[in-house]
1. Any residue at all in the range 61-70 that is under 15 Å from S88 (Cβ atoms) and either touching a His at 6+ places or on another chain (Cβ under 8 Å) or assigned to a loop (DSSP other than H, G, I, E, B) (or both)?
2. Filter the range 44-70 for residues that are crowded, with 16+ Cβ neighbours inside 10 Å and under 17 Å from the mean Cα position of the chain (by Cα) and give the result.
3. Search the range 114-142 for residues being surrounded by 11 or more Cβ atoms within 10 Å (Cβ to Cβ) and among the aromatic types (F, W, Y), and hand back the single one that is farthest from T10 (Cα to Cα).
4. Write out, first by first residue and then by second, each pair whose Cβ atoms fall under 6 Å of each other, whose residues are 6+ apart or on separate chains, and whose first residue, in the range 125-145, is over 19 Å from T165 (Cβ atoms) while the second is surrounded by 10 or more Cβ atoms within 10 Å (Cβ to Cβ) and among the hydroxyl-bearing types (S, T, Y).
5. Does S73 qualify as being of a type in the set (S, T, Y), modelled with pLDDT of 90 or more and surrounded by fewer than 19 Cβ atoms within 10 Å (Cβ to Cβ)?
6. Taking the range 45-60 only, how many residues are of a type outside the set (G, A, S) and in a loop (DSSP other than H, G, I, E, B)?
7. Regarding S32, is this residue within 19 Å of N109 (Cα to Cα), surrounded by 12 or more Cβ atoms within 10 Å (Cβ to Cβ) and either assigned by TED's automatic domain parsing to the domain that holds E112 or in contact with a His (Cβ under 9 Å, 6 or more places away or on another chain) (or both)?
Amino acid sequence: RLSSALHVVTRPACVHQGCGILATNHYGSNGSEQTAFFAVSGAQCTFTADRREFLGRNGSRYRPAAMAQGALSEKTGAGFDPCAAVQSVVTLIDGDRQTLVFALGIGNNPQEAEALIARYLNETAAQSELADVHRYWHQMLDTVIVNTPDAAVNLLANGWLLYQTLACR
């Protein structure tokens, strides 16, 4: 991070019904334009790509100053310690419900990153993709079923341990 932070260039993402940040690291990228993104849905959202602003003068990762602010500065660019922080303000009255969608990923270039944000930063697409992920993992994990007298062992052996073995290899 120390050697590459100054080479990360951030900019606002073009987001409909939300906001987000794009980040490209030009340090040792071999000419790659891969662009990371972080975005949130919501009409009242702000962001910052400045870690110092997010953490604050006396803040830390455990108690960032930005959590006490009503809005972030929307600062992006190059030459500072980069981060990606998005904030969406929602007011709820008794019984109200609101869904916020967060999108985190990487595209091969800035245009692909913004296309991915546009594709997944709505509730219907996010729910559909989540259902596909659940379906995929159930197909993978439900082929072997272990039954023991201990329910905790069954839970571990029939899901978590298989998932960890496949996901980490």
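The values are calculated or read from the model by the stated rules, or taken from the named source; none is laboratory data. This one's a predicted model, so the numbers in the text were calculated from it and none came from an experiment. Counting neighbours? That spans all protein chains shown, and the Cβs are built from the backbone with ideal geometry, glycine included.
1. yes
2. C45, T46, F47, T48, A49, D50, R51, F54 - these are the residues of the range 44-70 that are crowded, with 16+ Cβ neighbours inside 10 Å and under 17 Å from the mean Cα position of the chain (by Cα).
3. This residue is W137.
4. Correct list of pairs: A126/Y120.
5. Answer is yes for this residue.
6. Counting residues in the range 45-60 that are of a type outside the set (G, A, S) and in a loop (DSSP other than H, G, I, E, B) gives 2.
7. When the stated conditions are applied, S32 passes them.
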